[in-house]
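These notes are about the structure you will find just below.
Rule-based calculations on the coordinates, nothing more; no lab input. For clarity, every value in this text was computed on a predicted model and none was experimentally measured. Note: ideal-geometry Cβ built from the backbone for every residue, glycine included; neighbour counts use all protein chains shown.
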Amino acid sequence: MKRPRAIVFDLDGTLADTRLDIAAACNHALTSLGRAPRDVGEISRFVGDGARVLMARALGLAPDDPVTAEALTRFNAYYPQHAADHAAWMPGVREALEACGDLPLAVVTNKPRSATVPLLDALGLAPHFRAVVAGGDGPLKPDPAPIRAALEPLGVGPEDAWMVGDGPQDIAAGRAAGAGTVAVLGGFGQESDLRGAGPDRVIPSLHGLAALLRDEGRRTG
């Protein structure tokens, strides 16, 4: 894996710890439908494939079930206004962004754009990224299309980019796009699933990205 000319980051569990806010929105939808709320840790394991699949998993129903559709409507009405109530940077974000230097950066997330933009703004992350591709803009990860779409305005091909994320969806999308892939432990994804997706590199947190960039720079320099 060569040193990148651009880096694409996942958002939830990679750049931002959004567990509490996602759980609050999910439980708002559940309880408004007369369903019992779910534990934060349990809801976190449902994250990664978009809001519709999140609500389907929380309900134990199919994504195309009418009850799932109603829950999704209630989730989407609540979450954008509360996307950053408790959100915080994941460990190592500041150091990782500093290590990227002048590399052009992008965010690709399955989170709805209506919640993505206010979250990036609230955390002060928006100025770091030249492109943001969110849920609803096109296919969701693990489809490679969002990665290609994010890299196009950066003028960098996938073969010269890294996809950095905490979920197997991120790794699968990066691989399918032809990008280098870096799995970050400690987020929402399970380590066994992450490693099973076959990333090029695995780091314990974003603290490890700086060393990885240095190491790959030496190999390809």
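Numerical summary
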item: Calculated FRET efficiency for the pair THR31/ALA149, C-beta based, R₀ 35 Å, to 0.05; result: 0.45
item: Separation between Cα centres of region 1-41 and region 115-143, rounded to whole Å; result: 13 Å
item: Cβ-derived FRET efficiency at R0 35 Å, GLU95 paired with ALA62, nearest 0.05; result: 0.25
item: Mean Cα-pair separation over length for region 83-220, i.e. relative contact order, pairs under 8 Å, 6 or more apart, %; result: 23 percent
item: Relative contact order (percent, whole number), region 28-105, Cα cutoff 8 Å, 6+ residue spacing; result: 24 percent
item: Ellipsoid equivalent to the chain - semi-axes via the Cα gyration tensor, in Å; result: 30, 16, 16
item: Helical contribution to [θ] at 222 nm, DSSP H n ≥ 4, -39,500 (n - 2.57), averaged over the chain, rounded to 500; result: -12500 deg cm²/dmol
item: Hydrodynamic radius by Kirkwood, which averages 1/r over all alpha carbon pairs of region 19-81, in angstrom; result: 11.1 Å
